[in-house]
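Report on the following structure.
The values are calculated or read from the model by the stated rules, or taken from the named source; none is laboratory data. Please read all numbers here as calculations on a predicted model, not as lab measurements. No Cβ is skipped: glycine too gets one built from the backbone with ideal geometry, and neighbour counts run over all protein chains shown.
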Amino acid sequence: MIKNFSDFCTELLKCGFSMGGGSSKGIFALIPYSWDQQDGIDSPVKWHTGDPETDPWEWRIRVLDERSDIAYSKLFFNSSGYITREWYPYFYAVRRGGKTLDGEYADGNISVFEKRIYSVIRDAGYAPVHEIKRLGGFSKEDKSRFDRALTSLQMKMYVTMCGKAQKLNRFGEVYGWSSTAFCTVESFWGNELAAEASGISSEAAEEIIRKQILLLNPAAEEKNIRRFIRG
């Protein structure tokens with residue numbers, strides 16, 4: 001049984017990847033919402049208690065703040081998920097391959113909003129959402145398109161979450177809720193990951209991931225497997 005954050009990280013490193021929000025989406029979630037009710041076991045792991053040791057909602061930021069071998073972002077079905085450093089190159093090989101954002105933009109596969117957001121994050125190195133909006137000149141009316149574009153960039157593995165940052169007023173005082181921060185995937189992992197992924201064909205990578213999914217969930221359906229892997 002997973003009893004705390006340390007246990008979760010240990011098991012995640014064995015599995016390689018997991019949905020992040022508690023729903024398996026037909027694939028796999030290491031900590032489902034019903035975890036503390038399964039088989040009549042009173043698990044100490046419970047969602048949304050605020051306890052950093054036993055609340056899976058708190059773990060998504062802890063892995064970004066405290067570890068260097070786990071990524072958390074919107075990675076699967078436009079929803080949150082985890083991928084370990086060992087398994088990230090395989091997903092990267094499938095979703096990115098040798099593609100670049102500028103090349104994909106020229107081919108019409110990247111929107112104007114995606115390009116603007118990516119440019120801000122790349123140039124800043126690290127940028128919370130409120131700063132991305134300010135630096136990119138996004139208005140309140142742009143919210144829906146902005147949110148879709150930011151999710152798309154995560155799914156395509158151009159940017160990834162890398163922590164949180166507080167908002168500051170003009171006097172440098174903290175106010176409001178903290179804001180999720182983003183960096184490029186290459187900044188998060190280092191350029192060696194892209195080089196590693198370049199030696200893996202997308203077909204081989206997809207088959208390797210598929211086999212691991214079926215080990216984790218033998219009942220997973222092929223249509224869901226393809227969506228999970230390809231984004």
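Assorted remarks:
- Strands (runs of 3 or more DSSP E) fully within segment 1-108 counting 3 or more residues that are among the hydroxyl-bearing types (S, T, Y): 79-84
- Flag for A165 being surrounded by fewer than 19 Cβ atoms within 10 Å (Cβ to Cβ) and part of a helix (DSSP H, G or I): no
Okay, residues lined up against (1) surrounded by 14 or more Cβ atoms within 10 Å (Cβ to Cβ); (2) of a type in the set (D, E, K, R); (3) modelled with pLDDT of 95 or more:
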site: I132; (1), (2), (3): yes, no, yes
site: D142; (1), (2), (3): yes, yes, yes
site: V159; (1), (2), (3): yes, no, yes
site: E173; (1), (2), (3): no, yes, no
site: A181; (1), (2), (3): yes, no, yes
site: E203; (1), (2), (3): no, yes, yes
site: E206; (1), (2), (3): yes, yes, yes
site: Q212; (1), (2), (3): yes, no, yes
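- Some residue of segment 72-89 being among the polar types (S, T, N, Q) and more than 21 Å from S202 (Cβ to Cβ): yes
- Of all residues in segment 117-126 being in a helix (DSSP H, G or I) and touching a residue at least 24 places away in the same chain (Cβ under 8 Å), the one that is surrounded by the fewest Cβ atoms within 10 Å (Cβ to Cβ): R122
- Helices (runs of 4 or more DSSP H) enclosed by segment 177-230 - at least 2 residues per element that are under 30 Å from A165 (Cβ atoms) and in contact (Cβ under 8 Å) with a residue 12 or more places away in the chain: 185-189, 191-198
- Qualifying residue in segment 99-111 (condition: surrounded by 21 or more Cβ atoms within 10 Å (Cβ to Cβ), in contact with a helix residue (DSSP H, G or I) (Cβ under 6 Å, 6 or more places away or on another chain) and under 22 Å from G231 (Cα atoms)): yes
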